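Down below is the structure, laid out as structure tokens.
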Amino acid sequence: MTTPALPGPAGVGLVESDRDLEGILALQRASRAPTRDGFVTVEHTMDILRAMHALAPSVVARDARGAVVGYALVMPRETRVLLPILEPMFALIERLPAAQLSPKPSARWYVMGQIAVAPSHRGTGVFDALYAEHRARYQERFDLVVTEVATRNTRSLRAHQRVGFRTVTTYRDATDEWALIAWSWTGG
Ligand SMILES: CC(C)(COP(=O)(O)OP(=O)(O)OC[C@H]1O[C@@H](n2cnc3c(N)ncnc32)[C@H](O)[C@@H]1OP(=O)(O)O)[C@@H](O)C(=O)NCCC(=O)NCCS
């Protein structure tokens, strides 16, 4: 299904084309340097994004001209082999007592692999819209979405809390201290 870019506020939908994937990479590159609005850590390539897309399309926000102004990547467990740098996070999630993740027994989870909103569109509801689309598109397949945020990225942590994420655990690796956070869609 095609989701055309809407005039005015950004239109949100699933990735549909290489143009969307190029837009993700461009916004990712622009979001890597730490600023007071946060930063992203993992770098993808077109090949990796295409392989992820083949397994589960990610969510993008587009402006009126169709340019990507926000994205939130979808990473079911099968995608972990594509990004070894995220292996410790997947392994940690698997080691957790299930009840720590969700009140529902055998809850089905996936990872939101990275989120960014273009500076021009921050604070406009795009962040919430990206996650609303995650839920709308993936709640039949999954019970919860898990992600991690560097604890020094306080803007991102605050925005995730607002959407409904809660902290499952925190840990430190060579690069940062991370909060593993989860948003459960089923009460159990
Ligand atoms: C992090 C990011 C995705 C959030 O999207 P956004 O549109 O800026 O987020 P919002 O404006 O909707 O929400 C930010 C919240 O943090 C608050 N906030 C703003 N600056 C803050 C700061 N320095 N510390 C703590 N909270 C802050 C805002 O008040 C708002 O909370 P509120 O709704 O309770 O008032 C976006 O800023 C971004 O792309 N940053 C660069 C890349 C990045 O950090 N990605 C996340 C990686 S985990």
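The values are calculated or read from the model by the stated rules, or taken from the named source; none is laboratory data. From a predicted model like this one, the values you see are computed outputs, not experimental measurements. Ideal geometry is used to build each Cβ from the backbone, glycine not excepted, and the neighbour counts take in all protein chains shown. Just so you know, the surface numbers come from the protein's heavy atoms only, side chains and all, with ligands and any DNA or RNA stripped out. Shrake-Rupley method; radii C 1.70, N 1.55, O 1.52, S 1.80 Å.
For the reader, a short list of remarks on this structure follows.
- Test: residue in the stretch 150-158 that is within 24 Å of E16 (Cα to Cα) and either open to solvent by less than 20 Å² (accessible area, probe 1.4 Å) or touching a residue at least 40 places away in the same chain (Cβ under 8 Å) (or both): no
- Residue among E43, E94 that is modelled with pLDDT of 95 or more and away from the ligand (no atom under 16 Å from the Cβ): E94
- Of the residues in the stretch 125-147, at least one is within 13 Å of the ligand (Cβ to nearest atom) and assigned to a loop (DSSP other than H, G, I, E, B).
- Subset of the stretch 64-105 [among the small types (G, A, S), touching a residue at least 40 places away in the same chain (Cβ under 8 Å) and out of contact with any helix residue (DSSP H, G or I) (no Cβ under 8 Å at 6 or more places or on another chain)]: A64, S102
- Taken over the stretch 64-85, the criterion of being among the β-branched types (V, I, T), open to solvent by 10 Å² or more (accessible area, probe 1.4 Å) and more than 22 Å from D128 (Cα to Cα) is satisfied by V81, I85.
- The condition of being without any contact (Cβ under 8 Å) to a residue 12 or more places away in the chain and either open to solvent by 30 Å² or more (accessible area, probe 1.4 Å) or of a type in the set (A, V, I, L, M, F, W, C) (or both) holds for only one of A51, A33, A61, A26, that being A33.
- Scope the stretch 148-176; condition assigned to a strand (DSSP E or B) and either within 13 Å of the ligand (Cβ to nearest atom) or hydroxyl-bearing (S, T, Y) (or both); matching residues: E148, V149, A150, T167, T169, T170, Y171
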